Amino acid sequence: MKKRDEESAFSAICNAQRIACAPFEFEAARSLRDFGILAALDKAGDPGLTDEEIKAVSGLSDYAVRVLLNAAEGAGILKTESGRTSLTKTGWFLLNDPMTKANFDFAADVCIPGVARLSDSLREGRPTGLSTLGPWDGTLYPHLRELSQPARESWFGYDQFFSDNAFSDTVSRVTALHPTLLCDIGGNTGKWAIRLAKADPSIRIRIVDLPEQCETAAANIAAAGLSSRVACFPDDVMSGTNLPGDPDIWWMSQFLDCFGEADVVRILKKVRNAMRPGSRILILEPLIGNQKFPIGDRCLAAFSLYFTAIANGCSRFYSEADFRRFALDAGLEVESVENGLGIGHTLITLTRGDKS
Ligand SMILES: C[S@@+](CC[C@H](N)C(=O)[O-])C[C@H]1O[C@@H](n2cnc3c(N)ncnc32)[C@H](O)[C@@H]1O
């Protein structure tokens, strides 16, 4: 990040205008997507389309097409030359790049109205934007299945795009440990459990999640023909129940970022109390500060505000230093930290440290 005194005033004022314009340009991009203009321009390729052709594709008026294309050109999404408009590379990525789509659709379909309530959420320490998605209090998690479309598809699309990519790199690391029973806390739809069970026919898996999510996971596991090896244990991990202590691996993927700091430590202590000797905790998370490129850290910091304003009011994407502190506070030892899995995940392995 540039220090204030190294940046020219011109560059700084341009950047400040970019921030001021960002909501308008974002909405322009969303309209281009929703009116099918991005897809039509992609199909037209380099020759592009005339305003008349864009009007025909979108059903919009002269005025609507012109105001939209002007804003989108300013944002670098498309360019107009000699009366024909075509996509820029940025526009192409907005439409076709799976990572950009996951981020963009999540922002557009899940977050924007709720994030507008950020100041209230920060002030009150609760997700005041949650009510933009449904008549709910508390946290979003018991209501994931009730999300209306397109919010539901975009929520799962965002969550699973990043974890699926990291799963590809972690399945072999887990099977190499030859676990007999893995406990997947926050197992969600059962995607990881099904993948792992298919990769290792000897492994048994227990998914711990809220009762509503366990119903979805159980249906998916049954459909995959894996009910004899993958079971669900419906539980709110913040409740006082004890977790059965038989697993040799405790797996938490994109799970602890759903909790505030004190609760992360509480959950880790709960697992520590259940752990049997020789077992390990494997935490898979995208960490702020460990991303390959600065834009990755910037995305995580921005998307953290979804937790603040919509999901729970108290959590965020954490850093490696945060997790080292949580482990210490929970009486756990960091055995290893491996970066660069999937798009930008880190696998943190923790042990009880007492070898008992
Ligand atoms: C962001 S999703 C992670 C999904 C999956 N592990 C992955 O990597 O894609 C978080 C999961 O934690 C679950 N969860 C949230 N709060 C919980 C709680 N208090 N007790 C148990 N599960 C919870 C949610 O229902 C959801 O399935």
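Things worth noting here:
- Residues being in contact with a Ser or Thr (Cβ under 8 Å, 6 or more places away or on another chain), within 23 Å of Lys101 (Cα to Cα) and among the hydroxyl-bearing types (Ser, Thr, Tyr) - total across the range 30-85: 1
- Exactly one residue out of Gly134, Gly125 is farther than 15 Å from Tyr306 by Cβ, within 16 Å of the ligand (Cβ to nearest atom), loosely packed, with under 15 Cβ neighbours inside 10 Å and modelled with pLDDT of 95 or more: that is Gly134.
- Condition met for Leu282 (closer than 23 Å to Arg173 by Cβ, in the same structural domain as Ala176 (by TED's automatic domain parsing) and within 12 Å of the ligand (Cβ to nearest atom)): yes
- Members of the range 283-334 that are touching a residue at least 60 places away in the same chain (Cβ under 8 Å) and hydroxyl-bearing (Ser, Thr, Tyr): Tyr306, Thr308, Tyr318
- Reported count of residues in the range 256-299, each being over 18 Å from Thr351 (Cα atoms) and either surrounded by 22 or more Cβ atoms within 10 Å (Cβ to Cβ) or touching a helix residue (DSSP H, G or I) at 6+ places or on another chain (Cβ under 8 Å) (or both), is 11.
- Where Gly313 falls short, out of the listed (1) surrounded by fewer than 20 Cβ atoms within 10 Å (Cβ to Cβ); (2) not in a helix (DSSP H, G or I): (1)
- Qualifying residue in the range 313-321 (condition: away from the ligand (no atom under 16 Å from the Cβ), assigned by TED's automatic domain parsing to the domain that holds Lys270 and within 17 Å of the chain's Cα centre (by Cα)): yes
- At least 3 residues being more than 9 Å from the ligand (Cβ to nearest atom) is the threshold, and among the strands (runs of 3 or more DSSP E) wholly inside the range 143-260 those reaching it are 181-185, 204-209, 230-234.
- Residue within the range 98-106 that is buried (at least 16 other Cβ atoms within 10 Å of the Cβ), of a type in the set (Gly, Ala, Ser) and not in a helix (DSSP H, G or I) present: no
- Every residue from the range 224-282 that is of a type in the set (A, V, I, L, M), in contact with a Leu (Cβ under 8 Å, 6 or more places away or on another chain) and more than 24 Å from Pro142 (Cβ to Cβ): Ile249, Ile281, Leu282
- Residue tally, condition within 14 Å of Gly245 (Cβ to Cβ) and among the charged types (D, E, K, R), over the range 170-184: 0
- The listed residue being of a type in the set (Ser, Thr, Tyr), in a helix (DSSP H, G or I) and in contact (Cβ under 8 Å) with a residue 60 or more places away in the chain, out of Ser131, Ser121: Ser121
The values are calculated or read from the model by the stated rules, or taken from the named source; none is laboratory data. These numbers come from a predicted model, not from an experiment. Here Cβ is always computed from backbone atoms with ideal geometry, including for glycine, and neighbour counts include all displayed protein chains.
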